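Student: Pasting a structure here, questions to come.
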Amino acid sequence: MMTQSDLEKAAVDAVTDKLNNLLADYHIIYGHLHALHWNVEGKLFFTVHREIEGIYEGLAEDIDDVAERILSLGRRPVTTLKEYLEMTSLEELASRKYTTDEAAKLVLKDLDHQISAVRGLIEVAGEHNDEGTADFGVEMLRKYEKTRWFWSAFSD
Ligand SMILES: [Fe+2]
C-alpha cells in the first residue's frame, strides 16, 4: 500500500499504531455505552438513556474517522473484536442493571480514558510532525472535554 503522505515510515507507523489503539478503545467504549443505554434504570432513565445514545452515535462517527485517518496515512485499520480486546486495557461491561448515577460515573470514567488516550495521540503526532493527525486529535479532545463537563454537571 502506498504511503499517502510525505511522512517518514517510522512516523506513519508510530501514529497509526496509536490510532489503531484508539480504535480498539473506542470499540470497547461503544460496547460500554450500549450496556448502559439498555440497562440503566431509575427516575432519570429517560434522560440518561437518551443522552447515552447521543454519545454512542458521536463515537460511531469518530470510529469511522479514526479508521479513515489510518487509511489516509497508508495503513489499514484493525477490524476484529478479538484484536481490539488484545490491544485495549479496558474491560467490557456486563449486562446487568445500572443506576443512573452508576451509569454517569462509568460514562465519565470512559471520557477520562478517551481524553487521556487522545492527548497521547496528539503528543505522538506532534513528535512526528503529523499536524493533520494532531489537529484531528485536538478536535476530538475538545468534543470529549465538553461532553465531560455535561456529565460532571449531572453527577453529584
Ligand atoms: Fe436505543
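Every number in this text was worked out from the coordinates using simple rules, so none of it is lab data. What you see is a predicted model; the values in this text were computed from it and never measured. Glycine also receives a Cβ, built like all others from the backbone with ideal geometry; neighbour counts cover every protein chain displayed.
Student: Where does each of 131-139, 46-54 land if you order them by average Cβ count within 10 Å, highest first?
Tutor: 131-139, 46-54
Student: Something else about it: Please give the residues of the range 7-47, grouped as numeric ranges, whose backbone N is less than 19 Å from a label point set 7 Å along the Cα-to-Cβ vector of ALA60.
Tutor: Those under the cut-off are 23-40.
Student: Which residues' amide hydrogens lie under 5 Å from the amide hydrogen of VAL40, considering only partners 5 or more residues apart or on another chain, with H built in the peptide plane?
Tutor: For VAL40, the qualifying residues are TYR98.
Student: Tell me, what is the percent relative contact order of the range 21-97, built from C-alpha pairs under 8 Å that lie six or more residues apart?
Tutor: 54 percent
Student: Continuing with the same structure: Which length gain, in nm to one decimal place, applies between LYS109 and PHE46 when the Cα-Cα distance is subtracted from 0.36 nm times their residue separation?
Tutor: This chain segment gains 20.6 nm when fully extended.
Student: Evaluate the relative contact order of the chain (contact order divided by residue number), counting alpha-carbon pairs under 8 angstrom at least 6 apart; express in whole percent.
Tutor: Reported relative contact order: 32 percent.
Student: Still on this structure: Can you tell me which of LEU93, LEU23, LEU81 moves the most in a GNM of the chain? Springs connect C-alpha atoms under 10 Å apart.
Tutor: LEU81
Student: Evaluate Rg over Rh across the range 1-86, taking Cα atoms for both radii and Kirkwood's formula for Rh.
Tutor: Rounded to two decimals, Rg/Rh equals 1.13.
Student: Please pull out the direction-averaged projected area of the chain, using the convex hull of its alpha-carbon atoms, in nm² to one decimal place.
Tutor: Averaging across all directions leaves 8.9 nm² for the Cα convex hull.
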